[in-house]
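Peer 1: My questions will all concern the structure given below.
The values are calculated or read from the model by the stated rules, or taken from the named source; none is laboratory data. The structure presented is a predicted model; accordingly, all values stated were derived computationally and were not measured. As a convention, Cβ positions derive from the backbone with ideal geometry for all residues, glycine included, and neighbour counts pool all protein chains shown. Accessible surface areas use protein heavy atoms only, side chains included; no ligands, DNA or RNA. Shrake-Rupley method; radii C 1.70, N 1.55, O 1.52, S 1.80 Å.
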Amino acid sequence: MSEPVLVTRRGDVSEITLNRPDKLNAFNDDMHTALRAAFEAVATDGTRAVILTGSGRAFCAGQDLDARDPDGPDGVPDLSVTLTNLYNPLIKRIRSLPMPVIAAVNGVAAGAGANVALACDMVIAAQSAKFIQAFSKIGLLPDAGGTWSLTRLVGPARAMGLALTAQPLSAQQAADWGLIWEAVADEDFMDHVRGLADTFATGPTAAYAETKFALQQAPMNAMDEQLIVEAQAQKRCGHGPDFAEGVRAFHEKRAPQYSGKAS
Ligand code: LHQ
């Protein structure tokens, strides 16, 4: 049996590939375990940018419905256990990683698959990809952070429409609505994503982490609170080697050589 998650390393970029193509990379427990291990590894192995993508024609079709079948041998499942033990820690792990995580949405992203992508720091989709909040089709509500992400990214009206209708949203429409960063022609897609990841991997990683965490806090904070968050984070960046290098490189009119380190 092939591995449910593949991890490859190119320089300081780790590429994590969901690998159950026959099931459109739907999540079963083994894939959750492998994905969790992959994200734990990149947190400490010197990785400075992560790409999350899918193998075959899909990014991810969400929960493997064969593994959570009310008519299956285990009877009616308690879905809160799946969310609490598997999806919620996954979403939190992605958001707490101290480097940029790019979701490279190569094909359809449905249900929790779409919302795992939206938990990443930047979402880039192939032009042929689609985002589907498929939950209402099977009598559920958006999970894996979907209710939180959708309202913040596209606003309550569009979030509600996507969630209630479960209509597929094209990559271009997703970009036009601000759900994702950009839609890229299929033939250029992975080269484009890898180019961006390579740029991040030579960038000021600690400052990227501060940026990510400050932006995550912004929607919950009043302006006065967020000004304090910024000042504290900027203090840490200001004491780091990459700020010194960035300013030195500016004065010397050369490209900076960032270590990515916080101190
Ligand atoms: C699948 C799946 C799949 C199994 C395609 N499972 N096999 C969290 C907590 C706990 C439980 C509940 O849920 C959640 C969160 C969720 O994610 S709920 C939402 C779950 N996902 C869905 O409802 C999406 C189901 N899939 C689809 O609607 C379609 O497959 C999409 C629109 C993604 C793609 O459509 P097509 O391109 O037409 O492909 P297909 O439907 O023909 O699928 C290809 C194969 O993949 C097929 O198997 P087969 O043996 O017939 O070739 C599907 O059965 C299988 N597959 N999604 N989630």
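Peer 1: Leaving out ligands and nucleic acids, and using a 1.4 Å probe, what accessible area per residue does segment 74-125 come to in Å²? Write down the numbers at each step before the final one.
Peer 2: Working: 1650 Å² over 52 residues.
It amounts to 32 Å² per residue over segment 74-125.
Peer 1: Moving to a separate point now. Around Ala110, which amide H atoms from residues at least 5 apart in sequence, or from another chain, sit under 5 Å from its own amide H, with H modelled in the peptide plane?
Peer 2: Placed amide hydrogens put Cys60, Ala61, Gly62, Ile132 under 5 Å from Ala110.
Peer 1: Follow-up. Rounded, prolate or oblate: which fits segment 154-263 when a ≥ b ≥ c are the square roots of the eigenvalues of the alpha-carbon gyration tensor, with rounded for a/c under 1.5 and prolate only if a/b beats b/c?
Peer 2: Values: a/c = 3.59, a/b = 1.45, b/c = 2.47.
It is oblate, given that a/c is not under 1.5 and a/b is not larger than b/c.
Peer 1: Using the C-alpha gyration tensor of segment 106-188, what are the square roots of 5 times its eigenvalues, in whole angstrom, with the largest one first? Numbers along the way, then the final one.
Peer 2: On the way: eigenvalues 75, 33, 25 Å².
Equivalent-ellipsoid dimensions as semi-axes: 19, 13, 11 Å.
Peer 1: Moving on. Roughly to the nearest percent, how much of the accessible area of segment 103-169 is carbon and sulfur, given a 1.4 Å probe? Intermediate results must be reported in sequence, preceding the final value.
Peer 2: Details: 1630 of 2550 Å².
About 64 percent, which is the carbon plus sulfur part of the accessible surface.
Peer 1: Give the carbon-plus-sulfur fraction of the accessible surface of segment 17-88 in %, rounded to a whole number; probe 1.4 Å, heavy atoms of protein chains only. Write down the numbers at each step before the final one.
Peer 2: Values: 1750 of 3400 Å².
Summing carbon and sulfur atoms, their accessible area is 51 percent of the total for segment 17-88.
Peer 1: Ignoring ligands, DNA and RNA, what accessible area per residue does segment 13-73 give at 1.4 Å, in Å²?
Peer 2: Details: 2450 Å² over 61 residues.
Heavy-atom SASA per residue in segment 13-73 reads 40 Å².
Peer 1: Here is a further query. With the cut-off at 1.5 for a/c, could you classify segment 197-252 from its C-alpha gyration tensor as rounded, prolate or oblate?
Peer 2: Working: a/c = 3.19, a/b = 1.67, b/c = 1.90.
Oblate shape, in that a/c is at least 1.5 and b/c is the bigger or equal ratio.
Peer 1: Right, something else. Just to be sure I understand: if I project the alpha-carbon convex hull of the chain onto a plane and average over all orientations, what area do I get in nm²? Let's see the in-between values first.
Peer 2: Working: hull surface 61.6 nm².
Approximately 15.4 nm², given one-decimal rounding.
Peer 1: Follow-up. Once amide H atoms are placed 1.01 Å from N in the peptide plane, what residues at a sequence separation of 5 or more from Ile180, or on another chain, have their amide H within under 5 Å of its amide H?
Peer 2: Excluding prolines and chain starts, which carry no amide H, the hits are Ala175.
Peer 1: Right, next: When the Karplus curve 6.51 cos²θ - 1.76 cosθ + 1.60 is applied with θ = phi - 60°, which whole-Hz ³J(HN,Hα) does each residue of segment 129-136 get, with x for Gly and Pro?
Peer 2: Those phi angles translate into 6, 9, 10, 10, 7, 6, 3, 5 Hz.
Peer 1: Moving on. I'd like the Karplus ³J(HN,Hα) series for segment 224-229: coefficients 6.51, -1.76, 1.60, θ = phi - 60°, whole numbers in Hz, and an x wherever there's a Gly or Pro.
Peer 2: 4, 5, 5, 4, 5, 4
Peer 1: For the chain, modelled as a GNM with alpha-carbon contacts under 10 angstrom, which of Arg68, Arg236, Arg248 fluctuates the most?
Peer 2: Maximum among the listed residues: Arg248.
Peer 1: Also: From the phi angles alone, apply the Karplus equation (6.51, -1.76, 1.60; θ = phi - 60°) to segment 193-204 and give each ³J(HN,Hα) in whole Hz, x where the residue is Gly or Pro.
Peer 2: Result, ordered by residue: 4, 5, x, 5, 4, 4, 4, 4, 5, 10, x, x Hz.
Peer 1: Under a Cβ-Cβ cut-off of 15 Å, what is the net charge of the residues other than Gly238 that fall near it, where Lys and Arg count +1 and Asp and Glu count -1?
Peer 2: Numbers: positive: Lys235, Arg236, Arg248, Lys261; negative: Glu210, Glu230, Asp242, Glu245.
Neighbourhood net charge equals 0.
Peer 1: Distance between the C-alpha centers of segment 136-150 and segment 46-66? Whole Å please.
Peer 2: If we compute the Cα centre of each part, the gap is 18 Å.
Peer 1: Between Phe213 and Asp22, what FRET efficiency comes out of the Förster formula 1/(1 + (r/R0)^6) with R0 = 30 Å and r the beta carbon distance, rounded to 0.05?
Peer 2: Values: r = 38 Å, r/R0 = 1.25.
That gives a FRET efficiency of 0.20.
Peer 1: My understanding is that a pair violates if its Cα-Cα distance is over 19 Å; which of Lys235/Lys261; Lys212/Lys235; Lys92/Lys212; Lys212/Lys261; Lys92/Lys130 do that in this structure?
Peer 2: Numbers: Lys235/Lys261 15 Å; Lys212/Lys235 16 Å; Lys92/Lys212 13 Å; Lys212/Lys261 15 Å; Lys92/Lys130 24 Å.
Pairs exceeding the cut-off: Lys92/Lys130.
Peer 1: Please find, in a Gaussian network model of the chain (springs between Cα atoms separated by less than 10 Å), the residue of Phe189, Phe250, Phe200 whose mean-square fluctuation is greatest.
Peer 2: Most flexible of the set in this elastic network: Phe250.
Peer 1: Excluding Val13 itself, what net charge comes from residues whose Cβ is under 10 Å from its Cβ, given Lys and Arg +1 and Asp and Glu -1?
Peer 2: Here the count lands on +1.
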